[in-house]
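Peer 1: Supplied in structure tokens, the structure appears directly below.
Throughout, read-outs are computed from the coordinates displayed, never taken from laboratory work. Every value quoted in this text rests on a predicted model; they were computed, and no experiment measured them. With ideal geometry, Cβ positions are generated from the backbone for all residues, glycine too; neighbour counts draw on all protein chains shown.
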Amino acid sequence: MEERLQKLLSAAGVCSRRAAEAYIAAGRVTVNGIPAELGRRADPEKDDIRLDGKPISGPAEPVYLLLNKPRGYVTTLSDEEGRKTVADLVRDCGARVYPVGRLDLDSEGLLLMTNDGALMQRLIHPSGEIDKTYQVSVYGPVQGCAARLASLTDLEGESIRPARVEVLRQGRETAELSMTIHEGKNRQIRRMCAACGLTVKRLRRVKEHTLELGDLPVGAWRYLMPEEVKALQEG
């Protein structure tokens, strides 16, 4: 069956769809010996599809893994600034996998990575309304902060759905909170805290959709169990 080339390259684990578009535009992708153009479709069972002269294989076996991302790593497969990436941590997983969503450089915790492009798109699409839960250590005016955070519906002009906020521990100027959000806008938790006069000391994602971080060590990863994959696909 014919598919767009960028989808075929991504499904084969060669690169992301965005990178595939750049490769096609640069003339690096050929179909039956002819340089391809953006929008070109092909059938991997009938056509000879190559990148830089090397044939691409069929769709890669789906791989799903959970990484406990440490601080100081960017959520990309490569970085122009030479920073450490999450790809460095999962090189031995046996496949080229991509992060589902993002955790910024200073954030840590649960990060799903997979080469299942269809599942990835469904999980990151706003219509999916996937819950994400974070443990957040803050300092500042913490009295009543949970109610203030939970009441936010506008973030610098952006509409957001109310978060679920629970106080886990609280002192005079510090607190540890559990915050569950839905949209996952850029640096949303940090921006919400700043809007309430709070400074984030530590931000760790502990749950996303049906997955939980559990006691996985920082920097370690594991394959998902079959029942975990099934829950993601059905949820």
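Peer 1: Tell me, Arg71, Arg40 in order of fewest to most beta-carbon neighbours within 10 Å? Spell out each step's value before the answer.
Peer 2: On the way: Arg71 15, Arg40 18.
Least crowded to most crowded, the residues run Arg71, Arg40.
Peer 1: Provide the descending list of Cα extents for the stretch 107-235 along its principal axes, expressed in whole angstroms.
Peer 2: Principal extents (Cα only, largest first): 44, 33, 18 Å.
Peer 1: Based only on other Cβ atoms within 10 Å, what is the fewest-to-most ordering of Leu111, Leu51?
Peer 2: Listing Leu111, Leu51 from fewest to most nearby Cβ atoms yields Leu51, Leu111.
Peer 1: How would you rank Arg172, Arg191, going from fewest to most other Cβ atoms within 10 Å of each one's own Cβ?
Peer 2: Lowest to highest Cβ neighbour count: Arg172, Arg191.
Peer 1: Let me ask another. Name the residue from Leu211, Pro226, Ala194 whose Cα lies farthest towards the positive end of the charge dipole of the stretch 107-235, charges +1 on Cβ of Lys and Arg and -1 on Cβ of Asp and Glu.
Peer 2: Farthest towards the positive end: Ala194.
Peer 1: Have a look at Gly53, Ser10, Asn32 and report the one farthest towards the positive end of the charge dipole of the stretch 3-55, computed about the Cα centre with Cβ charges (Lys/Arg +1, Asp/Glu -1).
Peer 2: Farthest along the dipole direction, towards plus: Ser10.
Peer 1: Based on the Cα atoms of the chain, what semi-axes does the equivalent ellipsoid have, where each is the square root of 5 times one gyration tensor eigenvalue, given in whole Å with the largest first?
Peer 2: Value: 39, 18, 16 Å, ordered largest first.
Peer 1: Sticking with this structure for a sec: Between the stretch 176-226 and the stretch 137-173, what's the alpha-carbon centroid distance in Å?
Peer 2: 14
Peer 1: Please identify, among Ala25, Ala146, Ala12, the residue showing maximal mean-square fluctuation in a Gaussian network model of the chain using a 10 angstrom Cα cutoff.
Peer 2: Ala25
Peer 1: Let me ask another. Report the residues of the stretch 53-83 in range of a label on Ala220: point 7 Å along Cα→C-beta, backbone N strictly under 20 Å from it.
Peer 2: Taking a point 7 Å out along Cα→Cβ of Ala220, the residues of the stretch 53-83 whose backbone N falls under 20 Å are 64-73.
Peer 1: Still on this structure: Counting pairs of alpha carbon atoms under 8 Å apart in space and at least six apart in sequence, what relative contact order in percent does the chain give?
Peer 2: Contact order relative to length: 19 percent.
Peer 1: Take the Cα atoms of the stretch 131-170, build their convex hull, and give its volume per residue in Å³.
Peer 2: Hull volume normalised by residue count: 87 Å³.
Peer 1: Could you work out the percent of alpha carbon pairs in the stretch 3-55 separated by over 12 Å, rounded to a whole number?
Peer 2: 56
Peer 1: Now for a different question. If each residue of separation counts as 0.36 nm, what is the full-extension length gain between Glu37 and Glu3 once their alpha-carbon separation is subtracted?
Peer 2: Extending this stretch completely gives an extra 10.9 nm.
Peer 1: Contact order normalised by length for the stretch 3-55, with contacts defined as Cα pairs under 8 Å and 6 or more residues apart; what percent is it? Spell out each step's value before the answer.
Peer 2: Numbers: 66 pairs, mean separation 17.9, N = 53.
Reported relative contact order: 34 percent.
Peer 1: Can you work out the PRE-style zone for Ser78? Point 7 Å along Cα to Cβ, and I want the residues of the stretch 95-116 with backbone N under 18 Å.
Peer 2: Counting backbone N atoms under 18 Å from the label point, the list is 95-99.
Peer 1: Related question: In whole angstrom, how far apart do the alpha carbon centroids of the stretch 83-119 and the stretch 4-36 sit?
Peer 2: 22
Peer 1: By how many nm would the segment from Glu158 to Lys46 lengthen if fully extended, with 0.36 nm per residue of separation less the alpha-carbon distance? Mind dumping the intermediate values first?
Peer 2: Details: separation 112, 0.36 × 112 = 40.32 nm, distance 4.74 nm.
Net length gain for the segment: 35.6 nm.
Peer 1: Sum -39500 (n - 2.57) across every DSSP H segment of at least 4 residues in the chain, then divide by the residue count to get the 222 nm mean residue ellipticity, nearest 500.
Peer 2: After summing the helix terms and dividing by residue count, I get -5500 deg cm²/dmol.
Peer 1: If the limit is 26 Å between Cα atoms, which of Lys7/Lys132; Lys132/Lys201; Lys201/Lys230 go over it?
Peer 2: Result: Lys7/Lys132; Lys201/Lys230 exceed 26 Å.
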